[in-house]
Amino acid sequence: MWRARSNQGRTTVSCTACGESVPRSEAREYDKEGNRWERHDKEFEHFCKDCFRELCHQPRGDLEATLTEIEAAGLSQAEFLDRYLAAVDPERSTDHHES
């Protein structure tokens, strides 16, 4: 049917988790957006097989989008966590700035 790309087995990629260089044919693709089938204008991260097995494969919803939205330069850890809690569960968020 379809022939494999002739250069796929010779390309190496770095594992995002451990940094090891592995042949592309021995790596697993990871899409932070959660939709690896939509490939247009995307760059994928790669994991070696061992690290890929250790990943949590549960859906994360909009976790990356939420983190990117609340992230800002210069936020303290407490400010970041306050914004995160407010984004995911407004009833449980706390305000450390009130006296």
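Note down all Cβ pairs under 8 Å where the first residue falls in the range 52-81 and is farther than 30 Å from residue 24 by Cβ, the second is small (Gly, Ala, Ser) and surrounded by 10 or more Cβ atoms within 10 Å (Cβ to Cβ), and they're at least six residues apart or on different chains.
From residues that are farther than 30 Å from residue 24 by Cβ, the pairs are 66/87; 69/87; 70/87.
Could you give me the residue pairs with C-beta distances under 6 Å whose first residue belongs to the range 25-51 and is among the acidic types (Asp, Glu), whose second residue is surrounded by fewer than 10 Cβ atoms within 10 Å (Cβ to Cβ) wherever it lies, and which are 6+ apart or on separate chains?
Filtered contacts from the range 25-51: no entries.
Values quoted throughout were computed directly from the atomic coordinates according to the rules given, and no laboratory measurement underlies them. Remember, it's a predicted structure, so these values are computed and weren't measured experimentally. Neighbour counts run over all protein chains shown; Cβ positions are idealised from the backbone, glycine included.
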